[in-house]
Amino acid sequence: MSIEAAKVAEVVGGERTVGRAVRNAGDLIAAVRAGLPAATVEYVVDAGKMSRTEIDAAILPRKTLARRIKAGMLTADQSDRLIRVAKVIAFAEETFGSPDKAGAWLRRETDPLGGVSPMSLLDTTEGTAQVEQLLTRIAYGVAA
């Protein structure tokens with residue numbers, strides 16, 4: 001899977017929300033290591049990319065989020081989890097051609113993933129890899 005770093009950054013609000021330009025993977029890595037602004041999580045929720053419940057399951061618990069919002073920044077680990085999920089969302093949007101179709105697919109239970117929704121697997125690296133593999137199969141027209 002090769003999704004442009006700029007597309008991943010757009011999922012979390014782009015330059016305005018991230019606080020810096022993200023033109024390539026190096027820029028994205030630097031932003032994650034520095035910690036993303038907590039506003040990126042709010043953007044993801046407000047844009048309908050993830051619900052608060054999905055953020056709670058895959059990125060960070062609500063109480064921790066409240067503390068991070070007060071602090072203004074996510075930790076590097078929290079930022080990494082957010083970008084991991086944003087990368088899958090960007091890939092799904094590219095594969096299905098629209099945010100609405102991608103969102104519906106991410107939340108629909110699917111047999112190739114053991115009858116669970118792709119979104120429910122994004123809390124782990126291995127689960128994310130399984131979702132990415134399935135998206136790659138779909139993108140290249142291989143029977144899923």
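What follows draws every value from the coordinates through simple rules; no lab data is involved. Given the structure is predicted, the values throughout are model-derived calculations rather than measurements. Positions of Cβ are generated from backbone atoms using ideal geometry, with glycine treated the same way; all protein chains shown enter the neighbour counts.
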Euclidean distance of C-alpha centroids, the range 105-131 and the range 23-52, integer Å: 21 Å
The chain: most fluctuating residue of Val44, Val116, Val131 per GNM, C-alpha cutoff 10 Å: Val116
Within the chain: Cβ-based charge dipole about Cα centre, in debye rounded to nearest 20 (Lys, Arg +1; Asp, Glu -1): 460 debye
Order by protection proxy (mean Cβ within 10 Å, highest first), peptides 67-75, 92-100: 92-100, 67-75
